[in-house]
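A.B. asks: Here's a structure for you.
The values are calculated or read from the model by the stated rules, or taken from the named source; none is laboratory data. Computed from a predicted structure; not experimentally measured. Ideal geometry is used to build each Cβ from the backbone, glycine not excepted, and the neighbour counts take in all protein chains shown.
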Amino acid sequence: MPAMKNKIASALIYLFLFVVPAFAEEINAQKLLEQVDDNLWANTKFISGRLIIDNGRKVRTLTQDSWMEGVDRSYSHYKSPAREKGTKMLKIGGQLWMYTPRTDRKILIAGHLLRQSMMGSDLSYEDMMEDHKLSHSYSATLEAFEEFGGINCAVLHLVARDKETTYQTRKAWIDPDKHIVLKEERFAKSGKLLKRIEFRDYGKIDHRLFPRTMVFRDMLKEGTQTTYKFDVIEFDVEIPEKYFSQSILKR
């Protein structure tokens, strides 16, 4: 029996010293991040979905339609509940405009306001605006392999190429076989954990694997989470030019 235990111990040592590092060498972190981007990103997108906001005391649901073009232009229109119905958001480059029917005026959300909670959710306005290729904005290195959701994930450490980027570092748990991200953590310049996101319910849409659900947690709050459910997703759609004009921000 002692001899058998010694053999098992030797086999485990061999596995961790030689097999796991060899597997790690086969993973090109930047290439893997590019493959993840190919799943998530398209020239244009249409999404109809629900934001389910749980602030720890009550849960409310917002429904919205969103159109996105590249990394610079997006337009969202909120359909319910009654309090938010008719609210519109327009992103052009680095600017975000918001129209609310209650005030019947549009406002420019800029600077530190972009980092505030959007409609009481766990997402900031900046989070909602984000639709860029991570492989273009971040340099990736393989940090470890770690199990998450029953998958042996490659954990990538991402460092922003631009010092002005809000999240200077990120960690992403990626299925190395399917090239999909399962979890992500976003950090401030100080290294403080700000956001944790889980990507769930992946399904095939055209040639892509895309999550139907994203769960956001603001780590600076307690007992809150926001679930973003995508009911309709369409890639490479034709978007009317009027959707990216400030004239759309009217009642």
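A.B. asks: If I filter the stretch 86-93 for residues that are surrounded by 12 or more Cβ atoms within 10 Å (Cβ to Cβ), within 22 Å of E241 (Cβ to Cβ), touching a residue at least 40 places away in the same chain (Cβ under 8 Å) and of a type in the set (A, V, I, L, M, F, W, C), do I get at least one hit?
C.D. replies: Yes, that holds for at least one residue.
A.B. asks: Restricting to the stretch 200-234, count the residues that are surrounded by fewer than 13 Cβ atoms within 10 Å (Cβ to Cβ) and farther than 15 Å from S117 by Cβ.
C.D. replies: Qualifying residue count for the region: 7.
A.B. asks: Now for a separate question. Between L182, L249, which is within 19 Å of the chain's Cα centre (by Cα) and either closer than 30 Å to P101 by Cα or in contact (Cβ under 8 Å) with a residue 24 or more places away in the chain (or both)?
C.D. replies: Selected residue: L182, the only one of L182, L249 that is within 19 Å of the chain's Cα centre (by Cα) and either closer than 30 Å to P101 by Cα or in contact (Cβ under 8 Å) with a residue 24 or more places away in the chain (or both).
A.B. asks: Could you figure out which of (1) surrounded by fewer than 18 Cβ atoms within 10 Å (Cβ to Cβ); (2) more than 23 Å from S76 (Cα to Cα); (3) out of contact with any Cys (no Cβ under 6 Å at 6 or more places or on another chain) isn't true of E146?
C.D. replies: The number of the failed condition is (3).
A.B. asks: While we're here: Only one residue in K163, K133 is surrounded by 13 or more Cβ atoms within 10 Å (Cβ to Cβ) and either under 18 Å from G191 (Cβ atoms) or touching a helix residue (DSSP H, G or I) at 6+ places or on another chain (Cβ under 9 Å) (or both), so which one is that?
C.D. replies: Answer to the check: K133.
A.B. asks: So, in the stretch 152-173, exactly how many residues are under 15 Å from the mean Cα position of the chain (by Cα) and over 17 Å from H136 (Cα atoms)?
C.D. replies: 1
A.B. asks: Same structure again: Just the residues that are surrounded by fewer than 17 Cβ atoms within 10 Å (Cβ to Cβ), at pLDDT below 95 and charged (D, E, K, R), please, taken from the stretch 59-84.
C.D. replies: Selection gives D72, R83.
A.B. asks: Give, as residue ranges, the strands (runs of 3 or more DSSP E) completely inside the stretch 85-154 that count at least 1 residues that are at pLDDT 95 or above and not hydrophobic (A, V, I, L, M, F, W, C).
C.D. replies: 88-92, 95-100, 138-148
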